[in-house]
Amino acid sequence: MDAFFRILELIGTLAFAVSGANVGVEKRMDIFGVAILGVTTAVGGGVLRDLVIGVTPPQAFQEPVWLITALVTSILVFFPFLRRLAAKSRARLDTLLLVTDAVGLGIFTVTGITTAMERAGCRSVLLLLFVGMLTGTGGGVLRDVLAGDMPYIFRKHIYASASLVGAGVFLLARLLAPEAAAVLLGVGAVVAMRCLAAHYAWNLPRAASVWQKD
Amino acid sequence: MDAFFRILELIGTLAFAVSGANVGVEKRMDIFGVAILGVTTAVGGGVLRDLVIGVTPPQAFQEPVWLITALVTSILVFFPFLRRLAAKSRARLDTLLLVTDAVGLGIFTVTGITTAMERAGCRSVLLLLFVGMLTGTGGGVLRDVLAGDMPYIFRKHIYASASLVGAGVFLLARLLAPEAAAVLLGVGAVVAMRCLAAHYAWNLPRAASVWQKD
Amino acid sequence: MDAFFRILELIGTLAFAVSGANVGVEKRMDIFGVAILGVTTAVGGGVLRDLVIGVTPPQAFQEPVWLITALVTSILVFFPFLRRLAAKSRARLDTLLLVTDAVGLGIFTVTGITTAMERAGCRSVLLLLFVGMLTGTGGGVLRDVLAGDMPYIFRKHIYASASLVGAGVFLLARLLAPEAAAVLLGVGAVVAMRCLAAHYAWNLPRAASVWQKD
């Protein structure tokens, strides 16, 4: 079972590193900037979580396997041969990235919560929901702030809200089912929400202007 | 007396949440983005303070009453009926927001200092001044960085400097007067400075270009 | 020897404060904004490092000499008489700022590593490399994010990579030579890389578009 979680974490790390490195490539950064942006996206959420719950130095440096995975991934994204390959089947690639990014969002949300419980003894539901969402979305927020964009979570589609729902599903399921089932339900909820939102172009309601009629 | 401080904190939390949610509404964010921005503005300064003084998890999650207050406020701001009401007496509303925001800036500056003294045993005057200012202005800085704007404190009017003066007044007054009087003097100094600055359009001197005559 | 390190730290603090205050002046901020930006650039990297390694409150407030130095420097930069003087020999000034900034980047990288080892007992090479780079470049990243620019490290020339190389040189040299020599080698590597990169307009390769031929 533990091996299965590791696979989910690996998928998430790869997808997040690709999304960060891609932003760097689009902004024509040099190889170092692309690497920093990819690594930050992949491990940044966990680092922010560790600062908030007081785990120092952050776990990303105590178990560096994910950081190194993200680094290698970002460098591969930097070189054009992979992207040239990717350009040939762009539609399928976009779907793959959507699903793997959702897996990452889900598994990081869940591991954020379990880390806060195990490493820092957090019990407050509000804190756990926040920490799950921070672990899931924090890397992407750092990526966007560093790249000078408005954070993705404020711009499009159901994203942070999917993480929050996944966190809630996981916390509820833990009370009723074994941990492994709770993890699957939590991650599954995030993936389902993200994929349905993308497919049907769902969006949460936006603020209406007070000047226009509703 | 404690009840009086709670009322000041409530006013500040409401005003800060409104200011954050308003930015989200203006940028046409969805309801989730508006809520995140409102909550971040209201409790973000305290969270940054707690990271700096080593109080983890941050107090905002240990006493969640303010976080929940900010959340509810932000959601109310999201829906247009309140804003449509507000639009009818915009001038009076602007004055109300200016004064309540100043009360928030003042009380958060003061509670930032007392929290650093009580929870982390901080004694350095320089650190206390910084921590007061960080608690007062940090939420607004996070709001602006997340929303992609240059932070308000760099853009306009006497704001961070009012917080710094309030912090200094509070620290001085504590040496001479009972705590309650010191709080009132500190908050009063901030409110007075902000209102006078807004009324007379005071600004600190800006950098003159070396190319133009001064 | 210790006095020599202090001189390097002083040079770096002056150079970083000037670079931060300059951004504030260029953006026509008021004196308070210029001061905040100068101080943040000079001590921000160390504060971020201390948050990551769990030293709270950050060392910048425990030994406030650098913070106060940066504050005074920023205020001097704000007033035009110094800048009017500087405008008379701009080319020489640019060289001076390049070299002193490189000295700052080098010494902050090195002291970041030694602080993490001495104050927090960090031993992981990966963490030490990261913390060195964070201490060297973090102040500039904060400056740029606060000023609404894309961080310098993503925009131009060899900068973060010079810090990383300096960190590696210092860690290697420590194994073979006395501490003092290792510091000089680490700082020297950074200064050499920055000056050569600026002189020959070196840049790391940028991401090539997949649409154009390479």
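The values are calculated or read from the model by the stated rules, or taken from the named source; none is laboratory data. These numbers come from a predicted model, not from an experiment. For neighbour counting, all protein chains shown are included, and Cβ atoms are generated from backbone atoms with ideal geometry for every residue, glycine included.
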Starting from residues that are modelled with pLDDT under 85 and part of a loop (DSSP other than H, G, I, E, B), keep the ones in segment B:78-94 and report whichever is surrounded by the most Cβ atoms within 10 Å (Cβ to Cβ). B:SER89
Can you spot a residue in segment B:95-115 that is within 14 Å of chain A (Cβ to nearest Cβ) and in a helix (DSSP H, G or I)? no
(1) facing chain C (nearest Cβ under 10 Å); (2) touching an Asp or Glu at 6+ places or on another chain (Cβ under 6 Å); (3) touching a residue at least 12 places away in the same chain (Cβ under 8 Å) all hold for B:ALA120 apart from (2)
Restricting to segment B:22-44, name every residue that is within 23 Å of B:THR109 (Cα to Cα) and more than 9 Å from chain A (Cβ to nearest Cβ). B:ASN22, B:VAL23, B:GLY38, B:VAL39, B:THR40, B:THR41, B:ALA42, B:VAL43, B:GLY44
Which one is nearest to the other protein chains (Cβ to nearest Cβ) among residues in segment B:68-94 that are hydroxyl-bearing (Ser, Thr, Tyr) and within 17 Å of the chain's Cα centre (by Cα)? B:SER74
Being of a type in the set (A, V, I, L, M), part of a helix (DSSP H, G or I) and more than 15 Å from A:GLY20 (Cβ to Cβ) is the filter; apply it to segment A:53-67 and report the residue that is farthest from the other protein chains (Cβ to nearest Cβ). A:VAL65
Please go through segment C:61-77 and give me each residue that is of a type in the set (S, T, N, Q) and surrounded by 21 or more Cβ atoms within 10 Å (Cβ to Cβ), ordered by number. C:THR73, C:SER74
Only one of (1) more than 14 Å from chain B (Cβ to nearest Cβ); (2) in a helix (DSSP H, G or I) is not met by A:ARG49, so which one is it? (1)
Any residue at all in segment A:2-16 that is away from chain B (no Cβ under 14 Å), under 29 Å from C:ALA116 (Cα atoms) and among the β-branched types (Val, Ile, Thr)? yes
Identify the single condition in (1) at pLDDT below 90; (2) more than 10 Å from chain A (Cβ to nearest Cβ) that C:MET150 does not satisfy, given that it satisfies every other one. (2)
Is at least one residue of segment A:79-96 closer than 27 Å to A:VAL183 by Cβ and in contact (Cβ under 8 Å) with a residue 12 or more places away in the chain? no
Note on segment A:7-60: residues in contact with a helix residue (DSSP H, G or I) (Cβ under 9 Å, 6 or more places away or on another chain), among the basic types (Lys, Arg) and surrounded by fewer than 24 Cβ atoms within 10 Å (Cβ to Cβ) are A:LYS27
